[in-house]
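Undergrad: This structure is in structure tokens; I'll ask about it shortly.
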Amino acid sequence: VQLQASGGGPVQAGGSLRLSCANSRRTISNNGMAWFRQAPGKEREFVAGISYRGDTIKYADAVKGRFTISRDNAKSTVYLQMNALEPEDTAAYFCAVSLSSYFSTDSKNYRYWGQGTQVTVSS
């Protein structure tokens, strides 16, 4: 598994970004996927997760209603659409492949991670 995350960058508060995470080595169509984020000096935290078919989705309370996770199994890619960004969303964002068809909110349950893409929201 080799995950490549992209789409981060600087943005003003209220703006939008779309993160992508592509798996270049094998299909992820049978695996749950998740996005986590980590701000400096803080623990890595769950942002959103999606099951292998996309029919089970969960968001952290902090992003509910603003972020949307989706996936395209034909492209082995998972997306995170982030709207109404706030300075508190500033962090490095990581995608992760679950070893099962669903996902966990605990980062300890993931073996494969993307390299992270930085999102910086200015006020």
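The values are calculated or read from the model by the stated rules, or taken from the named source; none is laboratory data. Computed from a predicted model, the values in this text were never measured in an experiment. When we count neighbours, we look across all protein chains shown, and the Cβ atoms used for this are built from the backbone with ideal geometry, even at glycine. What goes into the accessible areas is simple: the full protein's heavy atoms, side chains included, and nothing from ligands, DNA or RNA. Shrake-Rupley method; radii C 1.70, N 1.55, O 1.52, S 1.80 Å.
Undergrad: Any residue at all in the stretch 39-60 that is under 22 Å from T105 (Cβ atoms), basic (K, R) and open to solvent by less than 40 Å² (accessible area, probe 1.4 Å)? Steps first, please.
TA: Residues of the stretch 39-60 that are under 22 Å from T105 (Cβ atoms), as a first pass: 39-60.
Next cut, basic (K, R) only: 42, 44, 53, 58.
Filter once more, keeping what is open to solvent by less than 40 Å² (accessible area, probe 1.4 Å): none.
Taking every residue of the stretch 39-60 in turn, none turns out to be under 22 Å from T105 (Cβ atoms), basic (K, R) and open to solvent by less than 40 Å² (accessible area, probe 1.4 Å).
Undergrad: How do the pairs read when you match residues in the stretch 97-114 that are closer than 15 Å to Q38 by Cα and open to solvent by less than 60 Å² (accessible area, probe 1.4 Å) with residues anywhere that are basic (K, R) and in a loop (DSSP other than H, G, I, E, B), using Cβ under 8 Å and keeping only pairs 6 or more apart or on different chains?
TA: So the pair list comes out as S107/R44.
Undergrad: Within the stretch 53-62, can one find any residue that is over 12 Å from the mean Cα position of the chain (by Cα) and under 16 Å from V119 (Cβ atoms)?
TA: yes
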